1. What distance in nm separates the simple spin-label points at residue 372 and residue 149, each placed 7 Å from Cα in the Cβ direction?
2. What does the charge count around residue 348 come to, taking other residues whose C-beta lies under 11 Å from its C-beta (Lys +1, Arg +1, Asp -1, Glu -1)?
3. Please compute the length gained on full extension between residue 235 and residue 164, using 0.36 nm multiplied by the number of residues separating them and subtracting their Cα-Cα distance.
4. Apply the Karplus parameterisation 6.51 cos²θ - 1.76 cosθ + 1.60, with θ equal to phi minus 60°, to every residue of segment 210-223 and state each ³J(HN,Hα) to the nearest whole Hz, in sequence, with x for glycine and proline.
5. Please list, ordered by chain and number, the residues whose modelled amide H lies under 5 Å from the amide H of residue 251; skip anything fewer than 5 residues away on the same chain.
6. Would you mind computing, in nm to one decimal, how far apart the modelled labels at residue 271 and residue 132 are, each placed 7 Å from Cα along Cα→Cβ?
7. Could you list which residues have their amide H under 5 Å from that of residue 182, counting only those 5 or more apart in sequence or on another chain, with H placed in the peptide plane?
8. Read phi for every residue in segment 136-149 and hand back ³J(HN,Hα) as whole Hz from Karplus 6.51 cos²θ - 1.76 cosθ + 1.60, θ = phi - 60°, with x for Gly and Pro.
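Computed from the coordinates by the stated procedures, all read-outs in this text should not be read as laboratory data. For clarity, every value in this text was computed on a predicted model and none was experimentally measured. Virtual Cβ from ideal backbone geometry, glycine too; neighbours counted across all protein chains shown.
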Amino acid sequence: MAGEQKKPKIDLKSRIPSKTVKGLTPAPGGAIPPPPGAVPAPPPDLLGRRTSPPKVSADPNDPLGAATVSGGSAAVAQPQIVVVQGHHDDHVAGAASKKGVLYALIGAALVVGLGIGFLAGSATKGNEVKTRATHDAKEIQAKVGKTNDNLQKFLDTLKSAQSEMQNSAQLSQPTIDAIKGWSSGFTSADLKGRELGYFGEDVGGKLITYANKVAHIDELRANMSKGGKLEGANAQIKNFEIPKDHARWGVKISKSTDAKLPPMTFADLVDFGAPVKLDAASFVGDKEKKLKLKNGEVDVEPNPKDFLGKTIVSPIDGKDWLKACPVYAQAVGYTKQNVDELVVAIEGSGDDPGTLKPGKDLESKLKSIASK
């Protein structure tokens, strides 16, 4: 029928989805949407590898049906194993990550716990050190105080010795006994094992200096009195002592009277045998001659057989004996020097503060530390 309207042809092939999609335009945002019925590719595994997507095929008996997914050939099995392995790695990595977080939390707790324990232990140890240091300060303060008392008593003894040396050039036996029997009562062992660091640099340094000075005083005293030195010096002083206005020794001066010879003068020391008063009429100082005293000089009558015509003997007064007798001067000087040195070591002199004054200041500072 020519007049009938022709029915439009239906292209059934256009309804069948093709295996490939051409001319796709990117969706907004730059991403290409997957075609209808397409299976998206699996994500990369932990190593960045991608597995092959399963094969897609259309059922030839159902042109309008959806595409079906087949398992693929055996060659694709390895990528599938990799995918499974990748999922396993993700699981292991996630578990490891969780364990890492757990270990980090446990470690942090341990660090905090140890820190608190350290602080608590440090505080406890600090309290123990402070307790020991306070106890040490009390004991050392008592020792220093006792030593200061001993030094003061010894200084009084030495002052008496200086007076005795000035008056009689000898030490009395009680003074000698006091010097020999004295001891400071302080040794370096008193500082062993003590918490000196807690006392501070100033007090700790002064305490060590004080101990060294006290040890020096003990050493000086021991050296001057050991081996009977004080008694020996005292005996020498006594043996050679000449009272004032007395003379035991004289200087004999001889002069030549022969005009044919050049003038000559000879001097010699004469021992009178015992101290003789200078106002005596006469004394025997020579086995052959009797010496006559005249105005402090002994005129020895010339012997015609002597080469010298005249001899004069000048007696040495006891007050000047120290200048003329080296033995006497040595005995007196030894004792006096040791006594004076000990006085300076204890009392000080000039810029040297000695030992007693710094010791009293140290005692006060130790008392302050012990009371804290």
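1. 2.7
2. Numbers: positive: 213, 357; negative: 347, 351, 352.
Combined, the nearby Lys, Arg, Asp and Glu give -1.
3. Values: separation 71, 0.36 × 71 = 25.56 nm, distance 1.48 nm.
This chain segment gains 24.1 nm when fully extended.
4. Going residue by residue, I get 4, 4, 5, 5, 5, 4, 5, 5, 4, 5, 4, 4, 5, 5 Hz, with x marking Gly and Pro.
5. Residues meeting the amide H criterion: 270, 314, 316.
6. 6.8
7. none
8. Ordered by residue, 3J(HN,Hα) equals 4, 4, 5, 5, 5, 4, 5, 5, 5, x, 5, 5, 4, 5 Hz.
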